[in-house]
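Participant: If you scroll down you'll find the structure; I have some questions about it.
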Amino acid sequence: MLRRFNWRHIPLLMFTIFAIAPLVLIFSNSLKSKEEFGQNPLGLPKALNFANYAEAWTTGGYGQAFMNSLIVSIACIIIICFCASLAAYALAKIEFKFSNVIMAFLLLAMSIPMGLFLVPLFFIFQNLGLMDSLLGIIIIYSAIFLPFSIFLLRTFFVSIPNELLDSARIDGCDEFRVITKIVFPMAKPAFLTVMLLVALWTWNEFFFANAFLQTEELKTVATKYLAFTGRFGNDWRLISAAGVITVLPILVLFLFLQRQFIEGLTEGSIK
Amino acid sequence: MYVNQQKGRWRKRLFPWLLLAPSLILLLFVIGGPIIGTLFLALTDWDGIKTPSFIGIDNFTRLLQDKIFYAALWNNIKWMLIFLTVPVIMALVASMLISKVLRGKLFYRTVTFIPYILSTIVTAKLWSLIYNPFSGVNVKLEEWGLGFLAQSWLGDSDIALFAVAFADLWHFWGFLVVLFLMGIQQLDKSIEEAAIVEGASALRIFWHVKLPQLRPTFVLIYMLLIIWSFAAFDYVFVMTQGGPGVSTELLATYMYDLAIYKFQPGYASTVATSMGLFALLVILGFGYIRKKGWDV
């Protein structure tokens, strides 16, 4: 048994420790009392004490923030799935003039720095009353995560054989029913991936959320955390507990559905 | 009959545009239109309140004499050089090792990927704690008798940028591991086997057989890394706000600061335009490489 031990596990375990150690640190700090953190900022906690979580949750107003993030995520998922699936079908299965121009535009929209459209957007939204509103942030997120989602769905649609769609057309399905009755049901796994990724992005995004949401009650989880760390300065046990609260939903989702996450994120950027 | 055919043809022509319409409207409203707005504002002295007046290329002349702009640009270049080397090498080594173990492949892939899905604000704050001179890694270094290695990680203008980049690197490199693993999966095994039969060493196989075949993966990774390096924002924004001085200022943080906190949206647009220009150059450059068939 010992002879067959693969030496590669040793460097790989070091990489594992590198990836995990900071997470162990934030979790163990979240369980310490103030005094304990002062004496032992880097070690493991003496006892499992979840009081910091309750304090961070209530003083941080995390209930409201979770609700806001949930609303934003779900709304974006609906809008993106609707818009992206139709666009992806057009780009995957219909030959038309300028389809390559549209593809180039999508690629550009995906890779251009977000700062390039921040300033005018800020003032357009101010004039339209979309500033400091969840609707405004939903519109922005739906747009910025749309190109990636279109590419992801398109890749999947391309792999659906044309013969299948043709035989449905011969059976009397019009174009609309081909899409809704054949293509979409087949693409369920791709839709699941898009939903997961949109949930991930909207949960973590803060470049726009920080600029566009100023009212405390409207803040999403990520911006709430930023405000929280500003308020509690050096109280690392509370900041750690709030951090764990912020990342936990995504972490749990990831551990259950990691294949969809990993393959979605990488495949979308390759094709 | 003829009329019907005409109608049918029009319907067929319009159909893809009908499907694209919701996406295009959304994208033109949030991204396309505002980009044109930015290009226009870059030529004005707008302060966000009064009507913008056209000042020609004055902002660009100011940009070319702006010391902070150059500092930020140079920091972006350093950032890019760090990311093009350190995480790429780490991820290449890790993925090569993972591809050669039988057990735990999935485990290693998952574990290295976890940091990538976590909120950047949380991980940035976490690294601020690690770098904290009183409660961070310095404490452990003292304990281990390595006190001479202790640094004011985020306070020393010579190392702050590297410290911040390292935090981002920790968050990001697992993504590269997955990309490399996908590339390795597609390697042609028969060439490797032939090389083994010929008696080539593992190092030579890596260098002459595997690396050349990974070229498409490298091209993709380099394109993503260069684009993202010029857009880097999160970690600096949370950890140092560009300081100390301008030692960690990046183009994106400078632009954000000008636009949101300094009420100079006109000049901020000029900085943003320069960022867009870099991104466009990179995209066109890689488009050219693709056309030449270099990555196939």
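Participant: If you check B:Gly56, B:Gly32, which single one turns out to be farther than 30 Å from B:Asp158 by Cα and under 25 Å from the mean Cα position of the chain (by Cα)?
Facilitator: Just one listed residue meets the conditions, B:Gly32.
Participant: Looking only at residues in the range B:100-129 that are among the charged types (D, E, K, R) and part of a helix (DSSP H, G or I), which one is farthest from the chain's Cα centre (by Cα)?
Facilitator: Once the filter is applied, the top-ranked residue is B:Lys105.
Participant: All but one of (1) surrounded by fewer than 17 Cβ atoms within 10 Å (Cβ to Cβ); (2) at pLDDT 90 or above; (3) not acidic (Asp, Glu) hold for A:Met195; state the number of the condition that does not hold.
Facilitator: Unmet condition: (1).
Participant: List the helices (runs of 4 or more DSSP H) that sit entirely inside the range A:80-186 and contain at least 1 residues that are surrounded by fewer than 19 Cβ atoms within 10 Å (Cβ to Cβ) and free of Cβ contacts under 8 Å to residues at least 60 places away in the same chain.
Facilitator: A:99-111, A:115-128, A:134-144, A:162-170
Participant: Take the range B:131-152 and flag every residue that is touching a Pro at 6+ places or on another chain (Cβ under 9 Å), assigned to a loop (DSSP other than H, G, I, E, B) and surrounded by 14 or more Cβ atoms within 10 Å (Cβ to Cβ).
Facilitator: Within the range B:131-152, B:Asn132, B:Ser135, B:Gly136, B:Ala150, B:Gln151, B:Ser152 qualify.
Participant: Here's something else I'd like to know. Kindly indicate which of B:Leu73, B:Leu41, B:Leu84, B:Leu26 is in contact with a Cys (Cβ under 7 Å, 6 or more places away or on another chain) and either modelled with pLDDT of 95 or more or under 28 Å from B:Asp234 (Cβ atoms) (or both).
Facilitator: B:Leu26
Participant: Going through the range A:60-79 one residue at a time, which ones are free of Cβ contacts under 8 Å to residues at least 12 places away in the same chain and not small (Gly, Ala, Ser)?
Facilitator: A:Met67, A:Leu70, A:Ile74, A:Ile78
Participant: I've got another one for you. Could you list all residues from the range B:254-276 that are among the polar types (S, T, N, Q), surrounded by fewer than 24 Cβ atoms within 10 Å (Cβ to Cβ) and assigned to a helix (DSSP H, G or I)?
Facilitator: Those that are among the polar types (S, T, N, Q), surrounded by fewer than 24 Cβ atoms within 10 Å (Cβ to Cβ) and assigned to a helix (DSSP H, G or I): B:Thr273, B:Ser274.
Participant: Also, quick follow-up: Of all residues in the range B:128-146, count the ones that are within 7 Å of another protein chain (Cβ to nearest Cβ) and either under 20 Å from A:Thr246 (Cβ atoms) or of a type outside the set (D, E, K, R) (or both).
Facilitator: 4
Participant: Read through the list (1) at negative phi; (2) under 24 Å from the mean Cα position of the chain (by Cα); (3) open to solvent by 10 Å² or more (accessible area, probe 1.4 Å), then give the number of the only condition that A:Pro45 fails.
Facilitator: Single failed check for A:Pro45: (2).
Participant: Another question, if that's okay. Between a residue in the range A:246-264 that is over 20 Å from A:Ala222 (Cβ atoms) and any residue that is surrounded by fewer than 21 Cβ atoms within 10 Å (Cβ to Cβ) and of a type in the set (Phe, Trp, Tyr), which pairs come within a Cβ distance under 9 Å, given they are 6 or more apart or on different chains?
Facilitator: That search, which allows pairs on different chains as well, returns nothing.
Participant: Looking at B:Ala200, B:Ala194, which is the one that is open to solvent by 20 Å² or more (accessible area, probe 1.4 Å) and part of a loop (DSSP other than H, G, I, E, B)?
Facilitator: B:Ala200
The values are calculated or read from the model by the stated rules, or taken from the named source; none is laboratory data. Source: prediction; values computed, not measured. Neighbour counts run over all protein chains shown; Cβ positions are idealised from the backbone, glycine included. Remember, those area values only see protein heavy atoms, side chains included, never the ligands or the DNA or RNA. Shrake-Rupley method; radii C 1.70, N 1.55, O 1.52, S 1.80 Å.
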